[in-house]
């Protein structure tokens, strides 16, 4: 009987370790959503969560076309912002 208790201890410990490992690897995935945002006196495409911009454009419509190409490729969304930074539109490519 003491041998069974010892094996239960190790089994419980292993189970806890596996649970902890799985919880730590279940971090939120990065998305490929593309934001069209004002940038200086121009427009930029920026991946959601990135500080760095993907591309700069003189006009918003060219930035939107670029963002759509990327979003279609990765089955993501395009979030279009106004000049003041508020969201104007969202296009889904799922």
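Could you tell me which label, among (i) 40; (ii) 57; (iii) 45, carries the value of percent of Cα pairs over 18 Å apart calculated for this structure?
Matching entry in (i) 40; (ii) 57; (iii) 45: (ii).
Could you calculate the contour length gain from residue 55 to residue 12, that is, 0.36 nm times the residue separation minus the distance between their Cα atoms, to one decimal place in nm?
Values: separation 43, 0.36 × 43 = 15.48 nm, distance 5.16 nm.
Separation in residues times 0.36 nm, less the Cα-Cα distance, equals 10.3 nm.
Let me have the 222 nm mean residue ellipticity of the chain computed from DSSP H runs of 4+ only, each contributing -39500 (n - 2.57), with the sum over all residues rounded to the nearest 500. Don't jump to the answer; show the numbers that get you there.
Details: 2 runs with 39 residues, N = 94.
Calculated at 222 nm, the ellipticity per residue is -14000 deg cm²/dmol.
Note the full-extension length gain between residue 31 and residue 48 as 0.36 nm times their separation in residues minus their Cα-Cα distance, in nm to one decimal.
Working: separation 17, 0.36 × 17 = 6.12 nm, distance 0.67 nm.
Computed gain between residue 31 and residue 48 is 5.5 nm.
No value in this document is a laboratory result; all are computed from the given coordinates. The model shown is predicted, which means the values in this text are computed figures rather than measured ones.
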